Amino acid sequence: MLKAMFRDLIAGRELAWQLAVRDIRAQYRQTVLGLIWAFILPLANTLTWIFLSRSGIVSISDTELPYPVYVFTGTMIWAIFMDAVNAPLQKTLAAKQMLAKINFQREAIVVSGIYQTLFNGAIKIMILIGTLLFFGIYPDWGLICLPMGIISLILAGTSLGLLLTPVGMLYTDIGKSLPLLMQFLMYLTPVVFPMPTSTLTAVIYKFNPLTPLILSTRNWLTGFTPVYLSYFFIVNALVIALLLVVWVLYRAAMPILIERLSA
Amino acid sequence: MAETLIKVENVSKKFCRNLKRSLWYGMKDLGSELLGRSVCNDKDLRRDEFWAVENVSFELKRGECLGLIGRNGAGKTTLLRMLNGLIKPDRGRIEMHGRVGALIALGAGFNPILTGRENIYVNASVLGLSTKEIDKIFDKIVEFADLGEFIDMPVQSYSSGMTVRLGFSIASRLNPDILLIDEVLSVGDRPFRVKCYNLVAELREKTSMILVSHNMGEILRVCTSVMLLHQNKMLFFGDTQEGIDFYNSFSDLKEQSFSVTSEGFIFRNIQIDPQKLTGDPKMKISVVFESPTKIHDCIIRFPILDELGTVIAEWRSSNHNLFYTIQRGHNTINVEINNLNLRNGSYFLTFVLSPIDGLRYLINVHQVIAFKVAMGQIGLSACQF
């Protein structure tokens, strides 16, 4: 089983690439704003939170970074994670016609989604680094570890997204509730808020497996030393285990899903 | 030399009529699949389920071509999809050896915004070609599709025929061992269809082919055997001609017949004698119909159709200086045809009544009655003289 999975993964790598190139091209060809779409959402989010904190509507405890930088890096990194969560279900649904009629390596769809997330993520990171330099924050050698952080985020997002895909293919409820769920999840993760100090929230924040991923990535980007490094690696190990499990699930589910989708 | 490439044993598949319930069964199947309980153990039909394909078995060797015929909804496409590995059979086993190519969803995976050229790469990859292989055959694909300058235009501006052309050009370059074709050869214009037939003929030697078609002529030309699916069961498997005859014999004549009548005209009845021509090539025909008015000098025609529905000959009363005056109300007309020199086989008559100018129909009843010929004439053409 595992052998067949990896064989298909490798066999499908060119297809995944072609699909990703197709989707990225198509994604930007029908827009005027083009690449701006890659970061317009986190930018809007950032402005909202800067406004909220400046006007004193919400009071946010001090951050080591200037707050605008803290929010902007947080929402940008979070946007990469969200892209990764959305990709498997979105891509699989978009490929419904193809899936129902052609037999090809199903893994390619998921991998092409990862490629696309990486591409859009790279744009975000470049903009982030530009912004940081503008604010006079210079990343140090920790930047070398940044890709590790991004990839962990994408893998975590992909596992979560892939976990929801089989049921999400059958019932549209999943796809509809996903943005809501993600919004909620964002406020449980130090994206726009710094790590809280009050007891209960602090516990939730601490045990949230996304916390070390977000924080470490942000620290590497902004030249701080990550504090939750060991937890970061534990989460990564768990993510990889989860990814393998949901991958098996995805494969097993495919024939059943295809049958129900186009019967 | 000719090895068996496809082996199908007692394959069945069930479908669900109700969408909500179907999705729920899907969830259940998912669960049992994950718990390692085989879905196939669940042999009984659940509520609202039915067998979409029931108990089909056959084998196919390299160089053989199987024609799959049957009414819409008989299970042909479902069977093809199981063979293609898209869905799993609920019962039975399918063995396939070699690369499977399917001319089923031509142009699946095309992105409407991208140009034809860009889509070739994507579509060919989906079908299992590597980028290197695509580079090699790219020009051939473009040439075969013969789309001219359209190849650099977005696919969303293509007509459906052009989309299929491009899709077929890509799919046909796969060099498969097993080729599944689902009603795609008949789209496209005539020159393109000829290209397709040539390609199929070329591939036939090298592959095991399964062809789904409603065009019996196509089946006769291409296939070495046929399978008839009827109400989701395999009703016949064997010789092509026999299978088509069988299919035609049980499909109800009433369902094939249709009529066009001018206002007030009612077709009542037609009788022929004999219904099977054995000795003399002679036939008496008696037609009953009703007319709203009296009309002088009408013409009666009997186009004769072969079993594929092609008109092969026509008897026309004006050729015999026969013109009929139609009375208001009930009319019975008797006609005798004397030299019906036809090859052995089954035929249909169509009845046409028109005014002398012959420009419009008063009554036109298509395939109104069937008859058989067994006078010993054989040959290529139906009409022998």
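Rule-based calculations on the coordinates, nothing more; no lab input. Note that the structure is predicted; figures quoted are calculated from it, not measured. All Cβ positions, glycine included, derive from the backbone under ideal geometry; neighbour counts span all protein chains shown.
Assorted remarks:
- Counting only alpha carbon atoms, the long axis of helix A:229-261 and the longest principal axis of chain A meet at about 30°.
- Label separation (residue B:319 vs residue A:207): 9.3 nm, computed from points 7 Å beyond Cα along the C-beta direction.
- Mean separation of Cα contacts under 8 Å, 6 or more apart, over the residue count of chain B: relative contact order %: 15 percent
- Based on Cα atoms of segment B:16-99, Rg over Rh with Rh as the Kirkwood radius reads 1.00.
- Rg/Rh for segment A:9-152 (Cα atoms only, Rh after Kirkwood) is 1.06.
- Once the C-beta distance of residue A:44 and residue A:225 is scaled by a Förster radius of 35 Å, the resulting FRET efficiency is 0.70 to the nearest 0.05.
- Peptides A:192-205, B:44-57, ordered by how many other C-beta atoms sit within 10 Å of their residues on average, highest first, read B:44-57, A:192-205.
- For residue B:160 and residue B:215, a Förster radius of 30 Å and the Cβ-Cβ distance give a FRET efficiency of 0.95, rounded to the nearest 0.05.
- Size descriptors for the protein assembly as shown: radius of gyration and Dmax over Cα atoms are 33.7, 109 Å.
- Neighbourhood net charge (15 Å Cβ-Cβ; Lys/Arg +1, Asp/Glu -1) for residue B:79: +3
- Extension gain, residue A:94 back to residue A:4 (0.36 nm per residue minus Cα-Cα distance, nm): 29.9 nm
- Point-to-point label distance, residue B:72-residue A:57, nm (Cα→Cβ direction, 7 Å offset): 5.6 nm
- Contour minus Cα-Cα distance for residue B:130 and residue B:99 (0.36 nm per residue): 9.8 nm
- Relative to the dominant Cα principal axis of chain A, helix A:2-11 is inclined by about 90°.
- Given charges at beta-carbon only (K, R positive; D, E negative), |dipole| of the protein assembly as shown in Debye: 760 debye
- Chain B: angle of helix B:160-171 to the longest principal axis, Cα-based, in degrees nearest 10: 50 degrees
- Across segment A:189-248, the mean sequence separation of Cα contacts (distance under 8 Å, 6 or more residues apart), normalised by length, yields a relative contact order of 25 percent.
- Per residue of peptide A:98-110, the mean number of Cβ atoms on other chains within 10 Å of the residue Cβ is 5.
- Each distinct pair of alpha carbons in chain A adds a 1/r term; the inverse of their mean, the Kirkwood radius, is 19.5 Å.
- Multiplying each eigenvalue of the alpha-carbon gyration tensor of chain B by 5 and taking the square root yields semi-axes of 47, 27, 22 Å, largest first, rounded to whole angstroms.
- Mean separation of Cα contacts under 8 Å (6+ apart) over length of chain A, as relative contact order %: 26 percent
- Once the chain from residue B:21 to residue B:35 is taken as fully extended at 0.36 nm per residue, the excess over their C-alpha distance is 2.9 nm.
- Computed from label points 7 Å out along Cα-Cβ, the spacing between residue A:26 and residue A:237 is 4.1 nm.
- Segment B:254-373: equivalent-ellipsoid semi-axes (sqrt of 5 x gyration tensor eigenvalues, Cα, Å): 24, 15, 13
- For the protein assembly as shown, with +1 on Lys and Arg beta carbons and -1 on Asp and Glu, the positive-most of A:178, B:104, B:208 along the dipole: A:178
- Applying both filters, DSSP loop and at most 13 other Cβ atoms within 10 Å, to the trypsin sites (Lys or Arg not before Pro) of segment B:236-340 gives B:282, B:294, B:328.
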